[in-house]
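Visitor: Supplied in structure tokens, the structure appears directly below.
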Amino acid sequence: MSTSAPVVIIGAGLAGLACANYLHRAGRPVLVVDGADAVGGRVRTDVTPEGFRLDRGFQVLLTRYPEVERLLDYGAADLRAFRSGAVIRLADGQETTLQNPLQQPLAAFSALTSPIGSLTDKLRIVQLALDVRTQTSQQLLARPATDTLTFLRRYGWSEQIIDSFFRPFFGGVFLDRSLSTASNFFEFVFQQFVIGEAVVPARGIQQIPEQLAARLPAGSVRLNALVEAVGGNFVQLSSGETFAASAVVVATDGETSAQLLPPSPHTAPTLAWRRTTCTYFSADRSPGRGDGLLRLNAASNCLAHNVSFPSDIAPEIAPQGRTLVSVSTHGEHGLDEHTLTERLRQELTAWFGPEAAQWQHLRTYHIPYALPVYTAGQTPQQELRVAEGLYRCGDYAAYPSQNAALATGRQVAEMLLAS
């Protein structure tokens, strides 16, 4: 393999930018190409004419992800944390607050006396929290798995706490309220919420990939460059322009990767995706009263599954005097944007009062390829080397998370540096 030509990385999402960063640190020339108009892949933020900064789908960063700690400059990202816990709207319309007693000991009493589950249920949460603290992320992901719902029932939790807490909370994380996601991934994510914080950069989630891109040499990221064909030593754009490459890394989503890479058992997996819809509203004031807690809906027949007020913790993402309201609807709902918005208004008015009927609709993001499905029996790591000079990376090749995207990018870089 000649190292005079750059390693050409297709895709300027987290996986591709991580790979480029590790190669650049080691002195290897890199060229990142992406068909989009900005870096980030699925991790993007749009700015409206009014000055709202809207992430493309509600996204948070978990601060104790090992790969994030390894690569991200937290200070430069200006991270703002949600409080640990959530306000949960029960099926009867009542609300209760469940806070994490391991992170906030003074909240333990309210957590134990809340109507969500029995005392035994809550003690089992503490028991699992203590268990996952003693394990590494790799150990948790390597555990034998069933689906999350079966795991919860075998652990001994009641159906009441499963339906009122685990489904709305982890169903929101997995975009899967059926809890069919693999239980070893549930344990890994549970650990992240126990030991770390859920945060957002002060100016939107895209600050993360932009930080990674800013570390690369000038001219090493080419945007609006749609790739048409690849080989082990070249990349051809749809414009006809061709780049010589010492190696090629396909760091796109799984669907695009399967189209670009040569067919093989490793490169053409049957992919399934979790979908979500994120609807943004603008409010005169925050219904969250600045408490920094997520709102979860335990009712199974509602469209407003998760609600947050990100401008409560990051005022920079909304114009002065306005509150940004983020509403997530998971799965297939079959509604057009207008119908969905009006149905959400009705639910939000019942939840937060008549003021919600006057909230201004800002934008709706339909995200059909939000997260790859990860079920019991899937390997936490697929083959990343495809052929001589050809590699791939991305969370679809491991497990659905920012951590996996960064990890596979790092692993490909290490393979290239060792070859």
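The values are calculated or read from the model by the stated rules, or taken from the named source; none is laboratory data. Keep in mind that what you see is a predicted model, and the values were worked out from it rather than measured. All Cβ positions, glycine included, derive from the backbone under ideal geometry; neighbour counts span all protein chains shown. Calculation scope for accessible area: heavy atoms of the full protein, side chains included, ligands and nucleic acids excluded. Shrake-Rupley method; radii C 1.70, N 1.55, O 1.52, S 1.80 Å.
Visitor: Is it the case that Ala76 is surrounded by fewer than 16 Cβ atoms within 10 Å (Cβ to Cβ), modelled with pLDDT of 90 or more and of a type in the set (Gly, Ala, Ser)?
Guide: Yes.
Visitor: Being open to solvent by 40 Å² or more (accessible area, probe 1.4 Å), among the acidic types (Asp, Glu) and either more than 21 Å from Ile88 (Cβ to Cβ) or at pLDDT 95 or above (or both): is that true of Glu187 here?
Guide: no
Visitor: Count, please, the residues in the range 214-241 that happen to be open to solvent by 20 Å² or more (accessible area, probe 1.4 Å) and aliphatic (A, V, I, L, M).
Guide: 8
Visitor: Within the range 297-322, track down each residue that is among the hydroxyl-bearing types (Ser, Thr, Tyr) and touching a strand residue (DSSP E or B) at 6+ places or on another chain (Cβ under 9 Å).
Guide: Selection gives Ser308, Ser311.
Visitor: Could you pull out every one of the strands (runs of 3 or more DSSP E) wholly within the range 16-61 that has 2 or more residues that are of a type in the set (D, E, K, R) and within 22 Å of Cys278 (Cβ to Cβ)?
Guide: By residue number, 53-55.
Visitor: Answer yes if at least one residue in the range 250-271 is at pLDDT 95 or above, part of a loop (DSSP other than H, G, I, E, B) and over 24 Å from the mean Cα position of the chain (by Cα), and no otherwise.
Guide: no
Visitor: Does the range 90-100 include one or more residues that are more than 27 Å from Val307 (Cβ to Cβ) and not in a helix (DSSP H, G or I)?
Guide: First, pick out the residues of the range 90-100 that are more than 27 Å from Val307 (Cβ to Cβ): none.
Checking the range 90-100: not a single residue is more than 27 Å from Val307 (Cβ to Cβ) and not in a helix (DSSP H, G or I).
Visitor: Test each condition in (1) within 18 Å of Val43 (Cβ to Cβ); (2) touching a residue at least 12 places away in the same chain (Cβ under 8 Å) for Ala214 and report the one that comes out false.
Guide: Of the numbered conditions (1) within 18 Å of Val43 (Cβ to Cβ); (2) touching a residue at least 12 places away in the same chain (Cβ under 8 Å), the odd one out for Ala214 is (2).
Visitor: Among what's in the range 29-43 and is charged (D, E, K, R) and open to solvent by 30 Å² or more (accessible area, probe 1.4 Å), pick the residue that is farthest from Ala225 (Cα to Cα).
Guide: We begin by selecting, within the range 29-43, every residue charged (D, E, K, R); these are 34, 37, 42.
From what's left, open to solvent by 30 Å² or more (accessible area, probe 1.4 Å): 37, 42.
Working: Asp37: 9, Arg42: 17 Å.
Top of the filtered list is Arg42.
Visitor: When both residues are 6+ apart or on different chains and their Cβ atoms are under 6 Å apart, which pairs have a first residue that lies in the range 396-419 and is at pLDDT below 95, and a second that is part of a helix (DSSP H, G or I) and β-branched (Val, Ile, Thr)?
Guide: Ala397/Thr408; Ala398/Thr408
Visitor: For residues in the range 279-293 being touching a helix residue (DSSP H, G or I) at 6+ places or on another chain (Cβ under 9 Å) and in a strand (DSSP E or B), which is nearest to Leu362 (Cα to Cα)?
Guide: My answer is Phe281.
Visitor: Name every residue in the range 346-391 that is open to solvent by less than 30 Å² (accessible area, probe 1.4 Å), in a loop (DSSP other than H, G, I, E, B) and of a type in the set (Ser, Thr, Tyr), in order of residue number.
Guide: Listed by number, the list holds a single entry, Tyr374.
Visitor: Looking at the range 86-118, which of its residues are modelled with pLDDT of 80 or more and either over 17 Å from Phe166 (Cβ atoms) or among the β-branched types (Val, Ile, Thr) (or both)?
Guide: Residues satisfying the conditions are Val87, Ile88, Asp92, Gly93, Gln94, Glu95, Thr96, Thr97, Ile116.
Visitor: Looking for whichever is open to solvent by 10 Å² or more (accessible area, probe 1.4 Å) and under 18 Å from Ala86 (Cα atoms) here; the options are Pro287, Pro319. Which one fits?
Guide: Pro287
Visitor: If you scan the range 62-73, which residues turn out to be part of a loop (DSSP other than H, G, I, E, B), surrounded by fewer than 21 Cβ atoms within 10 Å (Cβ to Cβ) and out of contact with any strand residue (DSSP E or B) (no Cβ under 8 Å at 6 or more places or on another chain)?
Guide: Within the range 62-73, Arg64, Asp73 meet the criteria.
Visitor: If you don't mind, another one. Could you grab the pairs with beta carbons closer than 8 Å, sequence gap of 6+ or different chains, first residue in the range 242-256 and surrounded by fewer than 17 Cβ atoms within 10 Å (Cβ to Cβ), second one assigned to a loop (DSSP other than H, G, I, E, B) and of a type in the set (S, T, N, Q)?
Guide: As it stands, the answer is Ala244/Asn233, since those pairs meet every condition given.
Visitor: Quick one: Leu335 ticks every box in (1) of a type in the set (A, V, I, L, M, F, W, C); (2) open to solvent by less than 10 Å² (accessible area, probe 1.4 Å); (3) closer than 14 Å to Tyr365 by Cα except a single one, so which number is it?
Guide: Looking at each condition in turn, Leu335 falls short on (2).
Visitor: Sticking with this structure for a sec: Could you list, in sequence order, all residues of the range 294-314 that are part of a strand (DSSP E or B) and open to solvent by 10 Å² or more (accessible area, probe 1.4 Å)?
Guide: Leu294, Asn306
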